[in-house]
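> Handing you a structure now.
Values quoted throughout were computed directly from the atomic coordinates according to the rules given, and no laboratory measurement underlies them. Owing to the predicted nature of the structure, the values given are computational and were not obtained by experimental measurement. Cβ atoms come from the backbone with ideal geometry, glycine included; neighbour counts cover every protein chain shown.
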Amino acid sequence: MMTPEFLQDVLDRHSRWVRGLAGGARADLSLSNLEGLDLCYVDLRGALLRGAKLARANLACARLSGSDLFCVDLRHCDLRGADLSGADLRGARLHSADCTGANFRDADLREGNPMAPIGGPPDPQASPRAPGHGLPVPAGLCSRTDLTAASLRRADLTGADLTGCNLQNADLSEADLTGTNLSECRLCGANLDGAALAGTRFHNADLVGTRLSGCDLTHADLAGAHFTKMLDTLGLEIQRVINNHERWIESGGARGARAELDGADLNRVDLRNVNLSGATLRGASLVKALLAGARMIMADLSGADLSGANLSGADLSGANLSYARLNGADLHDALLCPAQILDGNGKPSGRIWATSLLGADLRRAHLVGTQLASANLSEANLDLADLAGADLTGAKLPGAPYFR
């Protein structure tokens, strides 16, 4: 981390540059480590901050309009009341950031792609207004802009481009999304209650489990948007199987029957907080299913397709996910640690059963804060998976993947 004296000198010279005074110079803090710093009310309008680490920094009421924040790390930041209008936030990581009342008007939050090295070919997706083109950024930092679980309550996103952004479980209640482009966004479990949606584009957006209470969708563009498939819209047989399974769990096996849903089509279904512990779902299709908070302890999901599924906070202790497809799935704060094996009286036997992810496809999976202690990840594909804060104690890991 840079010294406080050097940072203060950079900020002082930038302040002079903003005001057009002699001796000023635009702040270039690209790739700098500013993690956890108190920068509230800082004036960094037009500054170069691409690839910088600002996780857990205090940027409340900061002035960042027109700044270059390409692939910046803003996880868990305090951005309340900050001005990010016109900023280049492509590929930024804003997981769990507090952006309440922030101004994102006309900001660019599209997917970020690596810039070519200096002298190399230009980036075809580079925004013409973004400064600093040509600065190399490590490829591992570049991906979809991540606003998972971010608070954007009452934020101004008028005219902002969030194409392809991950907004799962984000709070956008009462936000101004007038003219905002949310095409291809993942909004599973997001809260848009009371948001202004005039002219908002939801082309091919994933709205499974999205809260839209009090929203006027009359003038929103919903072409190709995907909505929740509720449990009561499933086939009667599948409903019966799930209901019987919950009775089986509640009665300790005295009533109902264990769910056998091998190969079932459960794509985009809303199964939040469902209890499918011990169920068998081998080869089932759960693409983009909403399983936040679900209990699937020791369930057999081997070979299942959970691509893009929302499993945040789910309990998958001891589950069999061997060769399952979990690419792009959200598993933040999920439990994939060992399950306690109970004896015939329902008491802990002292033995455990580890979660198996043998050969699982976890490319670009969101594993922030996930409990993976003792999990078997042998042969798993973890390319570009986000494992920040994950517990991998005793886990069997594959050979040298690229961890983000």
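> At q = 0.07, 0.11, 0.12, 0.14 Å⁻¹, what is the log10 ratio I(q)/I(0) for the chain, with the Debye formula run over Cα points and no solvent?
-0.36, -0.83, -0.96, -1.20
> Write down the percent of antiparallel bridges among all DSSP beta bridges whose residues are both part of the chain, to the nearest 5.
The antiparallel proportion sits near 5 percent.
> Okay, moving on. How many angstrom lie between the Cα centre of the stretch 307-386 and the Cα centre of the stretch 29-74?
One Cα centre to the other: 34 Å.
> So for Thr180, Thr393, fewest C-beta neighbours within 10 Å to most, what's the order?
The most exposed by this proxy come first: Thr393, Thr180.
> Taking 7 Å along the Cα-to-C-beta vector as the label spot, tell me the Arg258-Leu222 distance in nanometres, rounded to one decimal.
Modelled inter-label distance: 4.1 nm.
> Against the longest alpha carbon principal axis of the chain, how many degrees, from 0 to 90 and to the nearest 10, is the axis of helix 4-18 turned?
Tilt of helix 4-18: around 60 degrees.
> Taking neighbour counts of Cβ atoms within 10 Å as a proxy for exposure, in what order, fewest first, do Asp68, Asp108 appear?
Lowest count first: Asp108, Asp68.
> Right, next: State the antiparallel share, in %, of DSSP beta bridges confined to the stretch 235-404, rounding to the nearest 5.
15
> Treating the stretch 1-59 as a set of equal point scatterers at the Cα positions, no solvent, please give the Debye-formula log₁₀ I(q)/I(0) at q = 0.13, 0.23, 0.24, 0.27 Å⁻¹.
Here the Debye-derived log intensity ratios amount to -0.30, -0.95, -1.02, -1.24.
> A further question follows. Please compute the length gained on full extension between Cys40 and Glu237, using 0.36 nm multiplied by the number of residues separating them and subtracting their Cα-Cα distance.
Gain on stretching Cys40 to Glu237: 65.3 nm.
> Using the charge dipole of the chain (Lys, Arg: +1 at Cβ; Asp, Glu: -1 at Cβ; taken about the Cα centre), state which of His366, Ile249, Val208 has its Cα farthest towards the positive end.
My answer, from the dipole projection, is Ile249.
> What ratio of Cα Rg to 2.2 N^0.38 Å holds for the stretch 228-361?
0.99
> How do Met2, Met296 line up, fewest other C-beta atoms within 10 Å first?
Taking fewest neighbouring Cβ atoms as first place, the list is Met2, Met296.
> Specify the angular offset, from 0 to 90 degrees and rounded to the nearest 10, of the alpha carbon long axis of helix 236-250 from the longest principal axis of the alpha carbons in the chain.
80
> Can you tally the net charge around Asp43? Count Lys and Arg as +1, Asp and Glu as -1, for every other residue whose Cβ sits under 14 Å from the Cβ of Asp43.
Local charge sum for Asp43: +4.
> Grab the DSSP H runs of the chain that are 4 residues or longer, score each as -39,500 (n - 2.57), total them, divide by all residues and round the 222 nm result to the nearest 500 deg cm²/dmol.
Calculated at 222 nm, the ellipticity per residue is -2500 deg cm²/dmol.
> What residues from the stretch 296-315 fall in the zone where the backbone N is under 17 Å from a label point 7 Å along the Cα-to-C-beta line of Glu379?
Residues passing the 17 Å test: 301-305.
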